[in-house]
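Let me begin by presenting the structure, written as structure tokens, before commenting on it.
Each reported figure results from applying straightforward, stated rules to the coordinates on display, with no laboratory input. Keep in mind that this is a model prediction, so the values were computed, not measured. All Cβ positions, even for glycine, are placed from backbone atoms using ideal geometry, and neighbour counts span all protein chains on display.
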Amino acid sequence: METNQGKSSAKIQVENVYKIFGQNARRGVEMLQNGKSKDAILEEARLAVGVNNATFEVMEGELLVIMGLSGSGKSTLLRCINRLIEPTAGRILVDGVDVTALSDEALRQLRMKKFGMVFQRFALLPHRTILQNAEFGLEIQKKPAVERSEKARTALKLVGLEGWEGSYPEQLSGGMQQRVGLARALAVDPDILFMDEAFSALDPLIRREMQDELLSLQSRVNKTILFITHDLDEALKIGDRIIIMKDGAIVQIGTPEEILTSPATRYVEKFVEDVNLAKVLTAGTVMHKASTVTYPKDGPKTALHKMKEVGISGILVVDRDRNLLGRVSAEDALRLSKTGEQSLESIITKDISTVPPETPINEIFAEQVFPVAVTDADNRLMGIIIRGALLAALAEGGISS
């Protein structure tokens with residue numbers, strides 16, 4: 001099973017979940033398990049397959065995108081997780097609690113305390129002010145008026161709407177109205193946010209701004225977010241991981257780079273074939289291991305020998321902890337060797353281009369001089385990017401090892 005990197009634990013566990021629409025839905029599950037297709041089940045049993053054997057985890061603090069074309073089952077799957085739609089089979093655990101086994105009252109309490117929803121349509125109440133709209137979930141929870149106001153104001157500030165509390169929805173742009181919807185969800189301080197095509201109704205420019213706002217907000221509040229979209233560019237931009245669905249089934253789960261560089265099926269290949277890899281792939285993906293380096297203690301002849309062995313005209317200099325100190329050229333090393341000098345210190349160039357591993361490669365093209373060193377937050381050398389290898393990888397449509 002796919003897991004997110006780091007020490008996060010699973011917030012949501014979806015185990016073999018099916019959703020079949022129609023009478024005798026269990027028959028549809030059996031037909032799927034016996035290898036029948038979605039179309040065959042519809043024709044033979046008049047049953048519609050919504051979700052077909054979905055299994056995955058969502059890690060705490062992860063922004064997981066579920067995407068696919070219309071009818072792929074992505075919104076149905078989301079609604080199964082919070083039981084707005086009853087799953088036909090399978091288990092869904094939230095913090096270890098089986099949501100599918102909860103009574104109606106227990107489910108209502110779980111939704112109020114743990115879930116927040118943001119929909120494609122803003123669903124704001126036109127007769128209420130922005131502050132009153134943001135308070136709505138807290139009002140349903142019967143929170144005191146002072147607490148409602150305080151939490152709603154904090155949420156509105158988080159989404160950049162401080163000062164608009166007394167306005168009405170009709171006075172706000174579409175993007176601002178969606179921010180109110182997001183603030184309303186955040187005001188109840190949910191552990192988990194469900195966002196169903198939340199930005200799809202917005203103009204392209206406003207949509208990009210809201211994507212940036214969501215990423216900025218997530219860095220501050222660190223919620224577990226399930227985000228539904230049919231837009232691959234949106235998924236690649238905001239997702240920590242992406243689930244791609246087709247005909248109710250999950251066809252691939254992976255990071256944006258895994259989806260782009262190792263599509264699991266022809267269906268996924270067609271999804272990603274028009275993506276500009278330079279906007280999505282990062283330095284960490286395209287770098288090569290800097291296996292040949294030299295150290296300050298090495299003399300110029302040692303450095304020259306190392307360069308000759310691998311056929312390069314310059315070499316990176318690191319200390320014993322692989323902290324990057326700079327670069328030495330073959331020309332400077334040759335000149336220094338003729339003087340009898342035993343240390344490289346005097347010819348180490350300090351102005352080598354460096355980038356962190358998460359840097360998009362289009363930024364490297366635009367601003368860097370090659371070769372480019374990839375370093376971590378502590379300036380330790382992780383790898384090196386050579387322009388020729390970078391161009392070759394893009395030309396191939398992926399990254400070669």
> Once phi is turned into ³J(HN,Hα) by the Karplus curve 6.51 cos²θ - 1.76 cosθ + 1.60 with θ = phi - 60°, what whole-Hz value does each residue of the stretch 221-232 show in order, with x for glycine and proline?
Replying inline: 9, 6, 7, 8, 10, 10, 10, 9, 7, 9, 9, 5
> How would you rank 77-86, 60-69, 102-111, highest first, on the average number of other Cβ atoms within 10 Å across their residues?
Replying inline: 60-69, 77-86, 102-111
>> Need one number: convex hull volume per residue for the stretch 46-169, Cα atoms only, in Å³.
In response: 165 Å³
>> With angles folded into 0 to 90 degrees, how steeply does helix 145-158 sit against the dominant principal axis of the chain? Use alpha carbons for both and round to 10.
In response: 40 degrees
> What value, in deg cm²/dmol to 500, does the helix sum -39500 (n - 2.57) over DSSP H runs of n ≥ 4 give at 222 nm once divided by the residues of the chain?
Replying inline: -10500 deg cm²/dmol
>> Given axes a ≥ b ≥ c from the Cα gyration tensor, I'd like to know whether the stretch 284-395 is rounded (a/c under 1.5), prolate (a/b larger than b/c) or oblate.
In response: prolate
> Antiparallel DSSP bridges in the chain: what percent, to the nearest 5?
Replying inline: 60 percent
>> What is the distance in Å between the Cα centroid of the stretch 160-237 and that of the stretch 284-339?
In response: 49 Å
> Under a 5 Å amide H to amide H cut-off, with H placed in plane at 1.01 Å, what residues pair with residue 319 once short-range neighbours are removed?
Replying inline: 325
>> Under 5 Å between amide hydrogens, which residues at least 5 positions from residue 375 or on another chain qualify, with H placed 1.01 Å from N in the peptide plane?
In response: 355, 382
>> From Cα pairs below 8 angstrom and at least 6 apart in sequence, can you work out the relative contact order of the chain, rounded to a whole percent?
In response: 15 percent
>> Please compute the alpha carbon radius of gyration of the stretch 173-219, then divide it by the globular-protein estimate 2.2 N^0.38 Å. Two decimals is fine.
In response: 1.10
>> Can you list residues from other chains, or at least 5 along the same chain, whose modelled amide H is less than 5 Å from the amide H of residue 241?
In response: 63, 65
